[in-house]
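Structure, as structure tokens:
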């Protein structure tokens with residue numbers, strides 16, 4: 001396009017003609033990222049397929065590596081280990097709220113990233129409160145107990161229903177294991 005405009009138009013027209021000659025009805029672009037992992041070798045691969053029509057921050061190499069690291073971390077965490085874990089809110093995450101001014105509860109709460117895949121996810125009051133408190137100092141279970149007390153909910157029920165939401169927030173990069181967080185290593189029963 002920086003050369004002669006007529007030459008550019010000719011090349012562009014030839015490109016479109018080739019698609020028409022092949023009967024193409026759509027053109028898609030994207031990434032396929034593969035990695036050899038111990039989990040895949042053991043027959044437990046992680047397969048993530050996403051359609052992503054949103055903007056991303058380039059280059060994505062570090063974001064992809066961080067995704068793989070989070071997958072490895074989560075693979076080693078059952079719900080009990082996840083609730084014992086310490087997390088921090090990723091530095092680039094902001095919270096957006098929509099609702100009537102002065103209303104007790106917003107209609108929508110969205111967590112949004114400003115780097116990498118620039119994800120956004122709608123969360124409930126528990127997940128928003130949980131994410132906002134995650135500074136690495138308290139285990140997830142203790143944070144949930146405090147939220148349960150504030151919301152007059154049963155802490156056992158809240159602990160039972162929340163690990164999947166925490167897992168998703170970690171998987172998508174909204175939360176990160178706190179620096180120095182120990183990975184759960186399988187050991188003899190009772191350890």
- prompt: surrounded by 10 or more Cβ atoms within 10 Å (Cβ to Cβ) and touching a strand residue (DSSP E or B) at 6+ places or on another chain (Cβ under 7 Å): does that describe residue 8?
  reply: no
query: Could you say whether any residue in region 78-86 is at negative phi, more than 12 Å from the chain's Cα centre (by Cα) and at pLDDT below 95?
result: no
query: Looking at this structure, is residue 40 surrounded by 11 or more Cβ atoms within 10 Å (Cβ to Cβ), farther than 24 Å from residue 178 by Cβ and modelled with pLDDT under 90?
result: yes
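Results for (1) part of a helix (DSSP H, G or I); (2) modelled with pLDDT of 90 or more; (3) within 20 Å of the chain's Cα centre (by Cα); (4) within 22 Å of residue 170 (Cα to Cα), shown as yes or no for each residue.
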site	(1), (2), (3), (4)
6	yes, no, no, no
17	yes, yes, no, no
27	no, no, no, no
30	no, no, yes, no
35	no, no, yes, yes
57	no, yes, yes, yes
62	yes, yes, yes, yes
70	yes, yes, yes, yes
message: Consider region 101-141. How many of its residues are over 18 Å from the mean Cα position of the chain (by Cα) and within 25 Å of residue 51 (Cβ to Cβ)?
response: 1
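Conditions tested, residue by residue: (1) touching a helix residue (DSSP H, G or I) at 6+ places or on another chain (Cβ under 8 Å); (2) surrounded by 11 or more Cβ atoms within 10 Å (Cβ to Cβ); (3) more than 28 Å from residue 113 (Cβ to Cβ).
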{"site": "12", "(1), (2), (3)": "no, yes, yes"}
{"site": "27", "(1), (2), (3)": "yes, no, no"}
{"site": "47", "(1), (2), (3)": "no, no, no"}
{"site": "60", "(1), (2), (3)": "no, yes, no"}
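The values are calculated or read from the model by the stated rules, or taken from the named source; none is laboratory data. These numbers come from a predicted model, not from an experiment. Note: ideal-geometry Cβ built from the backbone for every residue, glycine included; neighbour counts use all protein chains shown.
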